[in-house]
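Okay, structure first, notes after.
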Amino acid sequence: MKLVINPRYAHLEGFVRGLHRNFESMPYERVLRNIRNDVREVSVADEHLVVKSFRHLSLVNRAVYGRLRSSKSMRAFSHAERLALLGIGTPEPVAAVDFWERGLLAGSYFVSAYSDYRSMEEIRDSEVEKIKPLLDALTEFLIRLHDRGVVHHDLNISNILYRELWPGEYGFQLIDINRMDFKRPLTSRERLANMSK
């Protein structure tokens, strides 16, 4: 097992260490996503959390992750720390843990604090004029993201959360952050390519 944990959440180490054994049977409040990965909202020791179980790893990736390349969970944790240093919103990282069996990655989990920000997917069918202030704020957020050298390789509205902080002012957070690059400066071509999602 490989484990990294945010010192603020050291009291959750036992929970994190038991994830591979207990994930399927542990009580949860709701499933947030269950397509490629299983993402659940849970409450543990008075902490409101999100646990992401990375699934559908190919045999090659199960052999490579943790040896030649960081696993998705470890990348998500380190990327969350890096985003925080850059002043880019993302739910606070709690822990990342990988489990091996017979030399192969058997389970990989990323735990973050729960965020009350809402998915940008909610605005998909909204009339543009009604959400123009939100779209203007989103544009400024994406410019800031690229100005700081962040390239999210799955940049789409389902991976951006938002909240109205006060009338007409919005905050944003990135999720699904295991596939990212940090470079500087981004060229116009790189910015446009990243926006193509």
Note on the stretch 27-72: C-alpha Rg/Rh, Kirkwood Rh, two decimals, gives 1.11
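For the stretch 98-175, what does the relative contact order come out to in percent, with C-alpha contacts under 8 Å and a separation of six or more?
Details: 65 pairs, mean separation 24.6, N = 78.
Answer for the stretch 98-175 is 32 percent.
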Order by accessible surface, 1.4 Å probe, largest leading, for residues V50, V31, V111, V128 comes to V128, V31, V50, V111
In Å², rounded to a whole number, the accessible area per residue of the chain with probe 1.4 Å is 56 Å²
For the chain the mean separation of alpha carbon contacts under 8 Å (6+ apart) over residue count, i.e. relative contact order in percent, is 20 percent
Over all directions, the stretch 121-194 yields a Cα convex hull whose mean projected area in nm² is 5.2 nm²
Inter-part gap, Cα centre of the stretch 152-189 to Cα centre of the stretch 68-117, in whole angstrom, is 17 Å
Projected onto their principal axes, the Cα atoms of the chain stretch, largest extent first, over whole-Å spans of 54, 37, 31
Excluding near-sequence neighbours (fewer than 8 apart on one chain), the chain holds lysine pairs with C-alpha atoms under 25 Å apart numbering 9
Dividing the alpha-carbon radius of gyration of the stretch 1-96 by 2.2 N^0.38 Å, where N counts its residues, gives 1.11
Descending accessible area (1.4 Å probe), largest on the left, turns D136, D38, D125 into D125, D136, D38
A 1.4 Å probe over the protein heavy atoms gives the stretch 39-92 a carbon and sulfur accessible-area percentage of 52 percent
Here D for the stretch 86-143, in µm²/s, from Stokes-Einstein with a Kirkwood Rh over Cα pairs at 20 °C and 1.002 mPa s, works out to 143 µm²/s
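The values are calculated or read from the model by the stated rules, or taken from the named source; none is laboratory data. On a predicted model such as this, the values are computed, not experimentally measured, just so you know. Surface accessibility is based on the protein's heavy atoms, side chains included, excluding ligands, DNA and RNA. Shrake-Rupley method; radii C 1.70, N 1.55, O 1.52, S 1.80 Å.
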